[in-house]
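What follows is a single structure, written as structure tokens, with notes after it.
Please treat every number below as a calculation from the coordinates, not as lab data. Every value quoted in this text rests on a predicted model; they were computed, and no experiment measured them. Heads up, the Cβs are rebuilt from the backbone with ideal geometry, glycines too, and the neighbour counts pull from every protein chain shown.
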Amino acid sequence: MTVELRPHHLLCMLTYVGKGYSAAFCDNYEAVLARLAAGEEILLVDGPDTVCAPALLLPDSHCRNESVTTRDAAAAAAVSALLGIDLGTGSRFSLHDDRVSAMRAAFAAGTSRAACADCQWQALCDTVAGSGFRGARLRTGRAV
């Protein structure tokens, strides 16, 4: 099986600490992270993904807004450059400890965060990154 993710969620998952748009959203996010920790492959998609599913039911869902599409493009470019792989729509890849460590280091340094501009969660992500990702739920438990 694969976990469908839109590119900006590659950044969001680095600092996810159990806060979100609703209880259903958080429960779903925890399930997505458990699937990734179990070794499921990521399939990059264009538009709403597995993480978005519960948010699509909210009246103010932003998952289809142009601003989110722009955020996805910036995240795909940043993570592609960082990992040295092409992360376009339809790309498949796996997370492992080295990739997560590299992504977190770049996130903490601010070098992969162009996609985060004007995000409502930016202050929380700054705090999590500044704490060395204490409390972040993403765990891969897998070495290269």
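Under a Cβ-Cβ cut-off of 12 Å, what is the net charge of the residues other than residue 128 that fall near it, where Lys and Arg count +1 and Asp and Glu count -1?
Charge balance near residue 128 sits at +3.
Quick check: the distance between the Cα centres of region 60-137 and region 1-23, to the nearest angstrom?
One Cα centre to the other: 9 Å.
Give me 21, 16 ranked fewest to most by other Cβ atoms within 10 Å of their Cβ, as a rough exposure proxy.
21, 16
Report, in deg cm²/dmol and to the nearest 500, the calculated mean residue ellipticity at 222 nm for the chain, where each DSSP H run with n ≥ 4 adds -39500 (n - 2.57) and the sum is divided by the residue count.
-13500 deg cm²/dmol
Restricting to Cα pairs below 8 Å that are 6+ residues apart, what does the relative contact order work out to for the chain? Please round to a whole percent.
36 percent
Find out how many positive minus negative residues lie around residue 90, taking Lys and Arg as positive, Asp and Glu as negative, among other residues whose Cβ is under 12 Å from that of residue 90.
-2
In what order do 96, 8 fall by count of nearby beta-carbon atoms within 10 Å, going from fewest to most?
If I rank by nearby Cβ atoms, fewest first, I get 96, 8.
Just to compare against my own numbers: the Cα pair-distance distribution for region 85-142, 10 Å bins, whole % per bin, please.
All Cα pairs, binned at 10 Å, distribute as 19, 48, 31, 2 percent.
Would you mind listing how long region 2-130 runs along its three principal axes, going by Cα atoms, in whole Å with the largest first?
That gives 38, 30, 26 Å along the principal axes, largest extent first.
Putting +1 on Lys and Arg Cβ atoms and -1 on Asp and Glu Cβ atoms, find which of 88, 53, 8 reaches farthest to the positive end of the dipole of the chain.
Result: 8, furthest along the dipole toward the positive end.
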